[in-house]
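A.B. asks: Sharing a structure with you now.
The values are calculated or read from the model by the stated rules, or taken from the named source; none is laboratory data. Fair warning: this is a prediction, and the values are worked out from it, not measured in the lab. Methodologically, a virtual Cβ is constructed for each residue, glycine included, from the backbone with ideal geometry; neighbour enumeration extends over all protein chains shown.
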Amino acid sequence: MGTIVYVDAFNLYYGALKGTRFKWLDLDAFCRRLLPRDQVTRVRYFTAHVSARPGDPQQPQRQLTYIRALETIPHLSVHLGHYLTHATRMPLANPAPGQPNTVEVIKTEEKGSDVNIATYLMLDACRGGCDTAVVISNDSDLKEPVAVARSEFGLKVGVVNPHPPARRSRALQPSFFKQLRKGTLAACQFPVEITDAQGTFRKPANW
């Protein structure tokens, strides 16, 4: 039956991609390199549309361009949650003497991806869609879906940690574990130019 890979985009981005030159990641090549002995039959990518920020008005367009690149992969599907952005007041780590000890910040939270991953993991297990599932995430909220997929459906469930090893979530108890390496990211980039049914487009310039 093969392997289905579930990619928590928010977790992957903040764990391994932010601040690097590897954001133009070819998930097909990435999964094949990460799982050389598996037959990857489907990749499910869980994300949410971001909003423009005053300091980065092109962020939504870059994301849409990347999703367009991903959609050239025939066996990949994109599953959307949503982002919530709001102003909130948070404490300063080292407030100056006599100065306020809190600051107002713009906080963005991604909602829905963990639930969507759990839903599709259970759905694929119920349908017998794979014999191996691989979750690319370090989110401890996925502990129960991983456990149920293993114990109730007999799936072999792997977890790939995109965060540094010291931040690995021990709550997740997979059948096997892999630590994501930057060398894998570097080796699995899309070409600068990609052609789809709509024409040719390029990797965003400031990526």
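A.B. asks: Mind counting the residues in the stretch 18-35 that are out of contact with any strand residue (DSSP E or B) (no Cβ under 7 Å at 6 or more places or on another chain), surrounded by fewer than 18 Cβ atoms within 10 Å (Cβ to Cβ) and either small (G, A, S) or in a helix (DSSP H, G or I) (or both)?
C.D. replies: Total meeting the criteria: 3.
A.B. asks: Let me ask something additional. Is at least one residue of the stretch 115-132 free of Cβ contacts under 8 Å to residues at least 60 places away in the same chain and touching a Ser or Thr at 6+ places or on another chain (Cβ under 7 Å)? So that I can check it myself, show each step before the final result.
C.D. replies: Initially, the stretch 115-132 is screened for residues free of Cβ contacts under 8 Å to residues at least 60 places away in the same chain, giving 115, 118-119, 122-123, 125-127.
Retained after the next criterion (residues that are touching a Ser or Thr at 6+ places or on another chain (Cβ under 7 Å)): none.
No - not one qualifying residue is present in the stretch 115-132.
A.B. asks: Within the stretch 57-93, track down each residue that is part of a loop (DSSP other than H, G, I, E, B) and at pLDDT 95 or above.
C.D. replies: Scanning the stretch 57-93 gives E71, T72, I73, P74, H75.
A.B. asks: Can you pull out the residues in the stretch 132-153 that are in a loop (DSSP other than H, G, I, E, B) and either buried (at least 16 other Cβ atoms within 10 Å of the Cβ) or hydrophobic (A, V, I, L, M, F, W, C) (or both)?
C.D. replies: Of everything in the stretch 132-153, those that are in a loop (DSSP other than H, G, I, E, B) and either buried (at least 16 other Cβ atoms within 10 Å of the Cβ) or hydrophobic (A, V, I, L, M, F, W, C) (or both) turn out to be S137, N138, D139, F153.
A.B. asks: Is one or more of the residues making up the stretch 46-56 within 23 Å of L123 (Cα to Cα), in contact with a strand residue (DSSP E or B) (Cβ under 8 Å, 6 or more places away or on another chain), assigned to a strand (DSSP E or B) and free of Cβ contacts under 8 Å to residues at least 40 places away in the same chain?
C.D. replies: No - not one qualifying residue is present in the stretch 46-56.
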